[in-house]
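The values are calculated or read from the model by the stated rules, or taken from the named source; none is laboratory data. In this text the structure is predicted, and so the values were computed from the model without any measurement. Note that we place each Cβ from the backbone using ideal geometry, even for glycine, and neighbour counts take in every protein chain shown.
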Amino acid sequence: MVKPTRVTNNIRRLRFDAGEMTQAELADRVAVTRQTVMAIELGRYSPSLELAFQIAEVFGVPLEDVFQYPKPGE
Amino acid sequence: MTFEERSTWVGAIVAVGTFIAYATALLARAGGADISTVPFVDLMLIYGIGIPIVVTIVGVIVVTAIWHRDSQTKDQRDKAIDRHGEYVAGILLAVLMFVPFGLALADADTFWIAHAMYLAFLTSALIGGIVKIVVYRRGF
């Protein structure tokens with residue numbers, strides 16, 4: 001069975017902080033569909049490393065401010 | 001729903017619909033007689049190959065026209081889901097192909113060998129499509 005990603009993210013808050021950027025706007029900026037942005041936000045899809053860096057670049061923050069991964073034991 | 005997900009739905013619906021149409025046409029032609037004696041090649045070519053291709057193309061065109069504002073590009077998530085579905089379908093097809101292989105080795109009638117192959121292709125395509133839809137819905 002498909003196992004959802006354990007990667008968490010702050011994309012929704014970052015979009016809000018960036019002038020309430022829409023999912024569609026972010027999707028256009030990183031060349032994916034709006035549904036992919038939504039899936040990433042909801043933790044249903046773990047993006048490629050390149051896409052993760054592109055998203056961080058859009059918000060002008062380091063990668064770890066956008067995505068987090070639980071430490072062993074958490 | 002992305003363009004790719006909609007196209008997957010179209011493929012799955014067409015696969016089921018054309019199979020039902022084929023089975024109905026074959027049974028009607030048999031008319032209660034031994035089904036393995038019924039000429040099936042023309043029906044299989046029409047319902048198993050011709051109509052599914054045409055209807056799928058038309059269906060995708062219709063879906064594209066209805067949701068023309070949505071992006072029709074295939075992004076990395078679409079490609080990953082497509083690979084996953086095709087991987088499952090490929091494994092399933094390889095396993096199911098043992099049935100017609102066994103039938104051929106047992107010198108079975110062409111009717112049964114052809115239908116075992118047809119059902120193997122149909123089932124693998126359908127399950128592959130269902131896997132993609134589930135992954136689109138539940139996450140990847």
What is the residue count in region A:3-61 for residues that are at positive phi and more than 12 Å from chain B (Cβ to nearest Cβ)? 3
Residue among B:V95, B:V63 that is modelled with pLDDT of 95 or more and of a type outside the set (G, A, S): B:V95
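When only residues in region B:54-98 that are among the hydrophobic types (A, V, I, L, M, F, W, C) and assigned to a loop (DSSP other than H, G, I, E, B) count, which is farthest from the chain's Cα centre (by Cα)?
Residue satisfying both the conditions and the ranking: B:W67.
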Given the conditions (1) touching a helix residue (DSSP H, G or I) at 6+ places or on another chain (Cβ under 6 Å); (2) part of a loop (DSSP other than H, G, I, E, B), and given that B:P39 satisfies all but one, which numbered condition is not satisfied? (1)
Restricting attention to region B:75-111, report how many residues are away from chain A (no Cβ under 14 Å) and either closer than 30 Å to B:R137 by Cα or touching a helix residue (DSSP H, G or I) at 6+ places or on another chain (Cβ under 8 Å) (or both). 16
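Within region B:1-29, restricting attention to residues that are more than 23 Å from A:Q35 (Cβ to Cβ), touching a residue at least 24 places away in the same chain (Cβ under 8 Å) and among the small types (G, A, S), which residue is nearest to the other protein chains (Cβ to nearest Cβ)?
Per the stated criteria, the residue is B:A15.
From the list B:F140, B:F101, which residue is in contact (Cβ under 8 Å) with a residue 40 or more places away in the chain and either more than 23 Å from B:W9 (Cα to Cα) or outside any helix (DSSP H, G or I) (or both)?
Details: B:F101 fails: in contact (Cβ under 8 Å) with a residue 40 or more places away in the chain.
Of B:F140, B:F101, the one residue that is in contact (Cβ under 8 Å) with a residue 40 or more places away in the chain and either more than 23 Å from B:W9 (Cα to Cα) or outside any helix (DSSP H, G or I) (or both) is B:F140.
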